[in-house]
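Everything below concerns the one structure shown next.
The values are calculated or read from the model by the stated rules, or taken from the named source; none is laboratory data. Keep in mind it's a predicted model, so treat the numbers as computed, not measured. Glycine also receives a Cβ, built like all others from the backbone with ideal geometry; neighbour counts cover every protein chain displayed.
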Amino acid sequence: MYKANQSKAFADCVEFYDDWGTGDNIRLDIYYRMCDELVAEINKNEVLLRLNNRRYNGGLDVDGEKMHPDLNKHILAFDIIYCCTVYDLFDGIPYTRRNAKEKQFYLSEKAKAENLRELYNQAQEEMNLLIDTRASLVSMLACGDELTHKKYGVGIVESVDEDYIVISFKEKEAKLGLAVSFSRGILKSDKVEINDLLETRRDILNRYDSIPRALEMAARALEPYEDYLENRCDNLIINNRCWERGSAGEKCSEKIFVSTERTEGHPLTFYCSQGKYFEPESELGLIWTPLHTHDGRSLYYWDNIMSAREGDIIIHGSDGYIRAISRVKDSYEDAINPFKDWEEDDCVDNGRKLECDYTVLNNPIAIDKYREDNIKYSRVKYAPFDKNGNGNSGYFFDIDPRHASIFVKGILEKNPEVADLEYLQWLINMDNEEVNNYGNV
């Protein structure tokens, strides 16, 4: 069951490019594959599933027993594809209708991107294994342990970390590279657990220098192609550090947190890129950030939550739209992850929360509409948008008040009711001369 024109229009909107054939004679294998991917997304959306169930449980004015049960959600998928075109549900969604040559190029670049991502993931797995191996080795060693050096004989461990080990020998004290000393047999231990570790991980330790370089090369190769991937990597590892996409590929994780300067009596403005967390966080009236990553690194766009104070203004973005604005109720406080029970992956427990008075927009506004402004006001380090006006990976960013003012005025066009929010008046009425007196410009 399909409508060729509606199917192709839907495919263009969701960037499902492939060789569909011509006219009404579309290739059904391509159509079925798109439908399968759509059904997979439908099954992740609890709100949509509950709404669909109302067809059958008496929630709508229809006799559910007379309807096809649609257990596989195939009819629902068709309804979505059909209604998007018939009822112009694409309105407000920026997308490009590509010709056959453009689609062919897109598919070619996407295939390259997927191959490069696989190589990057493999390199990342080896890097994780190297980090784990070095950490395990450190945990098995203690000050006072005896080790045997193939030249200096027996020595006593004085200190050890994941990079170096310091040993006192009869003739001298030596500072040695941890990984190379054990992987190449320069140092030996009588501990069974150390020898068992070396039995399985010696090759990883032996490549302690080449593995980070391979990861860096894989990250640099992948970065130009990430726009072709459905799920972009949150962070790319370059020079064995966490980097974030920005105007010049600036480092993100190693920036020391410095609280944003403010002019007393004036609020700061922030942009929060929430993604899948928008719904639960807006319902709870908060935003939450972890204290650190799983390997202990702090990230600037998480730590930046400490800059916010009572009365500051946050613009909330999610899935390509500005979906809410809020006013901060109070300074941050330490808090356990409120979403731990429903997150699929292992998550960090400890973090910080910021309580906010959300105003969820009845009519979200498309961020892409302001691409030129995004480019203009984001030519600084740690901006919420990159040099092309696309969102940077991250979470809680400072945003120039002039930029925030443009967004607020755009919000007003489709949501006139927010004009009654007193705390927005200074952004609504702001001119460029006035904004220069504010703290985060």
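Points to keep in mind about this one:
- Count of the stretch 186-213 residues, restricted to those that are of a type outside the set (A, V, I, L, M, F, W, C) and assigned to a helix (DSSP H, G or I), is 12.
- Summed over the stretch 37-77, the residues that are among the charged types (D, E, K, R), exposed (fewer than 13 other Cβ atoms within 10 Å of the Cβ) and over 22 Å from Lys276 (Cα atoms) give a count of 5.
- Looking only at the stretch 162-172, and only at residues there that are at pLDDT 90 or above and either exposed (fewer than 14 other Cβ atoms within 10 Å of the Cβ) or within 43 Å of the chain's Cα centre (by Cα) (or both), the one that is nearest to Tyr208 (Cα to Cα): Ile165
- Helices (runs of 4 or more DSSP H) within the stretch 381-438 that include 3 or more residues at pLDDT below 85 and either among the basic types (Lys, Arg) or more than 22 Å from Tyr301 (Cβ to Cβ) (or both): 432-435
- Residue ID - surrounded by the fewest Cβ atoms within 10 Å (Cβ to Cβ), chosen from residues in the stretch 397-412 that are among the charged types (D, E, K, R) and touching a strand residue (DSSP E or B) at 6+ places or on another chain (Cβ under 8 Å): Asp400
- Failed item, numbered, when Arg134 is tested on (1) touching a residue at least 60 places away in the same chain (Cβ under 8 Å); (2) touching a Lys or Arg at 6+ places or on another chain (Cβ under 7 Å): (2)
- Scanning the stretch 149-161 for residues that are surrounded by 15 or more Cβ atoms within 10 Å (Cβ to Cβ) and in contact (Cβ under 8 Å) with a residue 24 or more places away in the chain yields a single hit, His149.
- Leu205 passes every criterion in (1) more than 30 Å from Tyr120 (Cα to Cα); (2) touching a helix residue (DSSP H, G or I) at 6+ places or on another chain (Cβ under 6 Å) apart from (1).
- Subset of the stretch 366-396 (residues that are β-branched (Val, Ile, Thr), within 28 Å of Phe90 (Cβ to Cβ) and surrounded by fewer than 20 Cβ atoms within 10 Å (Cβ to Cβ)): Ile375
- Pairs with Cβ under 7 Å, 6+ apart, first in the stretch 66-89 and closer than 14 Å to Ala11 by Cα, second modelled with pLDDT under 85 and not in a helix (DSSP H, G or I): Phe78/Met1; Tyr82/Lys3; Cys83/Leu89; Cys84/Phe90
Residues checked against (1) in contact with a Lys or Arg (Cβ under 8 Å, 6 or more places away or on another chain); (2) loosely packed, with under 13 Cβ neighbours inside 10 Å; (3) basic (Lys, Arg); (4) at pLDDT below 80:
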site: Cys84; (1), (2), (3), (4): no, no, no, no
site: Phe90; (1), (2), (3), (4): no, no, no, yes
site: Lys103; (1), (2), (3), (4): no, no, yes, yes
site: Tyr106; (1), (2), (3), (4): yes, no, no, yes
site: Asn115; (1), (2), (3), (4): no, no, no, no
site: Leu119; (1), (2), (3), (4): no, no, no, no
site: Gln122; (1), (2), (3), (4): no, no, no, no
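To keep it simple, each residue is scored yes or no on (1) modelled with pLDDT of 90 or more; (2) part of a strand (DSSP E or B); (3) surrounded by fewer than 22 Cβ atoms within 10 Å (Cβ to Cβ).
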residue	(1), (2), (3)
Asp303	no, no, yes
Arg309	yes, no, yes
Ile315	yes, yes, no
Ala324	yes, yes, no
Asp334	no, yes, yes
Phe339	no, no, yes
Trp342	no, no, yes
Gly351	no, yes, yes
Cys356	yes, yes, no
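- Count of the stretch 365-379 residues which are without any contact (Cβ under 8 Å) to a residue 40 or more places away in the chain and not basic (Lys, Arg): 5
- For the stretch 160-185, the set of residues classified as within 20 Å of Ile131 (Cβ to Cβ) and not acidic (Asp, Glu) consists of Val160, Tyr164, Ile165, Leu176, Gly177, Leu178, Ala179, Val180, Ser181, Phe182, Ser183, Arg184, listed by residue number.
- Selection of the stretch 263-301 for residues being on the phi > 0 side of the Ramachandran plot, outside any helix (DSSP H, G or I) and at pLDDT below 90 yields Gly265, Gly296.
- Among the helices (runs of 4 or more DSSP H) confined to the stretch 23-138, the ones with at least 2 residues that are among the hydroxyl-bearing types (Ser, Thr, Tyr) are located at 28-42, 74-86.
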